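Participant: Right, I'll just put the structure down here and ask away after.
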Amino acid sequence: MLLALSLITAGILLRQPDRARFGHGRPHTASAAQLIAVQRARANDWTPAVLVAGQWVQIAGYWVLAAHGLLGAVAATMGVAVQFRHLQEISHHAVHGVLARTRRANDILAALGAHYPLGLVPVAVRRRRHVRDHHPAATLATDPNLAELAQAGLRPGVGRRRFAAALLFPVTARGFATTATALAANLRPQPGRYAAAPAVSLVLAAAYAAGGWTAVLAGVLVPRLLLYPLLAWASLLAEHTWFDAEHRTGTNAEVEAGRCLRLYPANRALAVFAASTWLPYGDLHHYAHSAHPGLRWNYLPALERHLPQPHFAPTALFAGQSSVVRRHRTALA
């Protein structure tokens, strides 16, 4: 137990140099141009590398914890799922080219830190889908994310039961099959891509060495196949007013104000919880990110205070008249 807690603590501490370098003395509120200037002055390759390493050290701590009874296994399952989600968002900033200083460092950290060990699509494919295809066309017919939502059943006229199932799509039988099929395709050896399967095998071997078969099951398989996809799905639902975006012309901020949302604008406790679990590394501030994708997560809160508020600021994800789910349901019905 002491080793597990020590590794988890060490992982948290390893993330602090990056936070200190980019966060020290940052403005409370500022324009994108001002924040980009600060970001460029502090850009480097070593603190992002230590940040990614810290995430995996913390995951190793959860693998050790998994061997300590049922509560340890449950805590490991939840903790690793959250860390996988964190790695997804860290690599998201690498895809945008703002995690590290150089393009090469961004690609290496995204590939070695997240895409290979988690069995995600190649970094170049994600960059094309996300940066080129999604950002300029968010909520429009050509947005690949909108197609993903439709595949899960979120289409105009959807019934209540189908809508409810779509909200939990990754943990349904069809959603699990979709995740498993995509993972198998990503692990299949292809020209120029042979490292994915060995990387996932190495993760499974490391988990077994740290906590036995319990760690493999509770610390890799269940988080990767069920809980992490569910967290990522929830974040996708809470990024845009997918089905009734108020389209605008003008600056990026004016356009994104009509198709983005800002969850928990007045509930600091829920906002902090979301930012530390399922909406990490700036995903809570997706509106600011959509308006200026070239900004690192450290500066999105300051930019958000500088921008006009988005047209929809829900107080909850699932429940209530002002919830994200209610807005989606109303738009589709």
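Participant: Kindly provide the set of residues from segment 182-213 that are crowded, with 19+ Cβ neighbours inside 10 Å, of a type outside the set (Gly, Ala, Ser) and under 18 Å from Gln58 (Cβ atoms), ordered by number.
Facilitator: Hit for segment 182-213 is Val203, nothing else.
Participant: What's the total number of residues in segment 217-252 that are surrounded by fewer than 21 Cβ atoms within 10 Å (Cβ to Cβ), out of contact with any Lys or Arg (no Cβ under 9 Å at 6 or more places or on another chain) and farther than 20 Å from Tyr281 by Cβ?
Facilitator: 9
Participant: Give me the helices (runs of 4 or more DSSP H) completely within segment 160-277, filtered to those with at least 2 residues that are among the hydroxyl-bearing types (Ser, Thr, Tyr), ordered by residue number.
Facilitator: Helices (runs of 4 or more DSSP H) meeting the threshold: 173-187, 196-216, 228-237.
Participant: Starting from segment 137-152, keep only residues that are on the phi > 0 side of the Ramachandran plot, then list their pairs with residues that are outside any loop (DSSP other than H, G, I, E, B) and crowded, with 20+ Cβ neighbours inside 10 Å whose Cβ atoms are within a distance under 6 Å, requiring at least 6 positions of separation or different chains.
Facilitator: Pairs found: Thr139/His240.
For (1) at pLDDT below 95; (2) aliphatic (A, V, I, L, M); (3) under 30 Å from Ala30 (Cβ atoms), each residue gets a yes or a no:
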{"residue": "Gly258", "(1), (2), (3)": "yes, no, yes"}
{"residue": "Ala269", "(1), (2), (3)": "no, yes, yes"}
{"residue": "Val272", "(1), (2), (3)": "no, yes, yes"}
{"residue": "Trp278", "(1), (2), (3)": "no, no, yes"}
{"residue": "His289", "(1), (2), (3)": "no, no, yes"}
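Participant: Do any residues in segment 253-279 that are surrounded by fewer than 18 Cβ atoms within 10 Å (Cβ to Cβ) have Cβ atoms under 7 Å from those of residues that are of a type in the set (Gly, Ala, Ser), where the two are at least six apart or on different chains, and which pairs are they?
Facilitator: Final answer for the pair search is Pro265/Ala313.
Participant: Being more than 22 Å from Gly79 (Cα to Cα) and among the aliphatic types (A, V, I, L, M), is that true of even one residue in segment 269-277?
Facilitator: No; the residues of segment 269-277 include none that is more than 22 Å from Gly79 (Cα to Cα) and among the aliphatic types (A, V, I, L, M).
Participant: Here's a follow-up. With respect to the numbered conditions (1) of a type outside the set (A, V, I, L, M, F, W, C); (2) in a loop (DSSP other than H, G, I, E, B); (3) in contact with a Pro (Cβ under 6 Å, 6 or more places away or on another chain), which one is the sole condition not fulfilled by Tyr287?
Facilitator: With (1) of a type outside the set (A, V, I, L, M, F, W, C); (2) in a loop (DSSP other than H, G, I, E, B); (3) in contact with a Pro (Cβ under 6 Å, 6 or more places away or on another chain) applied to Tyr287, the lone miss is (2).
Participant: While we're here: Give the number of residues within segment 11-32 that are at pLDDT 95 or above, among the small types (Gly, Ala, Ser), part of a helix (DSSP H, G or I) and exposed (fewer than 15 other Cβ atoms within 10 Å of the Cβ).
Facilitator: 1
Participant: Do we have Thr47 as in a helix (DSSP H, G or I), under 20 Å from Pro280 (Cβ atoms), touching a residue at least 40 places away in the same chain (Cβ under 8 Å) and over 15 Å from the mean Cα position of the chain (by Cα) here?
Facilitator: no
Participant: Could you count how many residues in segment 287-324 are of a type outside the set (Lys, Arg), closer than 21 Å to Thr47 by Cα and surrounded by 21 or more Cβ atoms within 10 Å (Cβ to Cβ)?
Facilitator: 5
Participant: Which count do you get for residues in segment 61-83 that are of a type in the set (A, V, I, L, M), over 14 Å from Ile8 (Cβ atoms) and without any contact (Cβ under 8 Å) to a residue 24 or more places away in the chain?
Facilitator: Qualifying residue count, segment 61-83: 2.
Participant: Determine which member of the set His286, His311, His292 is within 27 Å of Val98 (Cβ to Cβ) and out of contact with any helix residue (DSSP H, G or I) (no Cβ under 6 Å at 6 or more places or on another chain).
Facilitator: His286
Participant: Test Gln58 against the stated conditions and say whether it is polar (S, T, N, Q) and within 20 Å of Val203 (Cα to Cα).
Facilitator: yes
The values are calculated or read from the model by the stated rules, or taken from the named source; none is laboratory data. Quick caveat: nothing in here was measured; it's all calculated off a predicted structure. Every residue, glycine as well, gets a Cβ built from its backbone with ideal geometry; the counts of neighbours run over all protein chains shown.
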